[in-house]
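First the structure, in the form of C-alpha cells, and then the observations on it.
Since every read-out is calculated from the coordinates, none of them should be taken as a lab result. The model shown is predicted, which means the values in this text are computed figures rather than measured ones. Here the Cβ positions follow ideal geometry from the backbone for every residue, glycine too, while neighbour counts run over all protein chains shown.
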C-alpha cells in the first residue's frame with residue numbers, strides 16, 4: 001500500500017492511498033474534525049463515490065478498521081487451520097468476467113480456483129453456483145484455492 005500525506009493549509013490533511021490491488025481512495029481530514037472519503041474506479045481520475053463523516057463517525061470507523069470491534073484471525077493461524085486453502089472475495093469490475101458464465105470463462109481450468117458463491121447486490125446470494133451462472137458487473141465472487149491460484153485468478157479476471 002502506498003499512502004501520501006499532503007498538508008491542506010486552512011483545511012487539514014489529505015491522504016492519497018493506493019492499495020496493492022490498484023484500488024485508490026482519498027481521505028481528507030478537516031481541521032473541523034469531519035472526514036471525507038473518496039473512492040476511485042481503477043484508472044479513473046474522478047471519484048465514483050464519496051462519504052462524509054463527522055468527527056465521532058470518523059473515529060468509530062477508524063476503530064472498526066483498526067480491529068477494536070473484531071479481530072480477524074491472523075493469516076498464519078488461518079493458514080494452519082485451512083492448510084493450503086485460501087478463500088478470497090473478488091468484486092467484479094469491467095474486466096473480462098461480466099456477461100460470461102462460469103463455464104464460458106473456464107475459471108477452474110484457467111486458474112485452478114473454484115467459485116463457491118456469488119454475492120449479487122439486491123438479489124439473493126448464490127451459494128455453490130452452477131457452471132451456467134452468468135457473472136455480472138458488481139457481483140462479488142467468493143473463490144477458493146491455493147494462494148498461488150488466488151493470485152492467478154486475480155490476474156485472469158483483470
Report relative contact order for the stretch 7-158 in percent, whole number only (criteria: Cα-Cα under 8 Å, sequence separation at least 6). 17 percent
Starting from the Cα of residue 20, step 7 Å toward the Cβ, then list every residue of the stretch 115-158 with an amide N under 15 Å from that point. 147-155
Cα convex hull of the chain - mean projected area over all directions, nm²: 11.3 nm²
For the pair residue 148/residue 100, report the inter-label distance in nm, with labels modelled 7 Å from Cα in the Cβ direction. 2.3 nm
Most mobile of 11, 92, 115 in a GNM of the chain (Cα contacts under 10 Å): 11
Equivalent-ellipsoid semi-axes (√(5λ), Cα gyration tensor) for the stretch 75-157, whole Å, largest first? 22, 14, 11
Cut-off 10 angstrom, C-alpha nodes, Gaussian network model of the chain. Which of 111, 31, 140 fluctuates the most? 31
Can you tell me, using C-alpha contacts under 8 Å and at least 6 residues apart, the relative contact order of the stretch 2-66 as a whole percent? 20 percent
Take the chain, connect every pair of alpha-carbon atoms lying under 10 Å apart with a spring to form a Gaussian network, then pick out the residue of 87, 37, 64 with the largest mean-square fluctuation. 64
From DSSP H assignment alone, runs of 4+ in the chain each adding -39500 (n - 2.57), the sum over residues rounded to the nearest 500 puts [θ] at 222 nm at -7000 deg cm²/dmol
Taking 22-29, 123-130, 53-60 and ranking on average Cβ neighbours within 10 Å, highest first, one gets 22-29, 53-60, 123-130
Taking the convex hull of Cα positions in the stretch 2-66, its mean projected area over all directions (nm²): 4.7 nm²
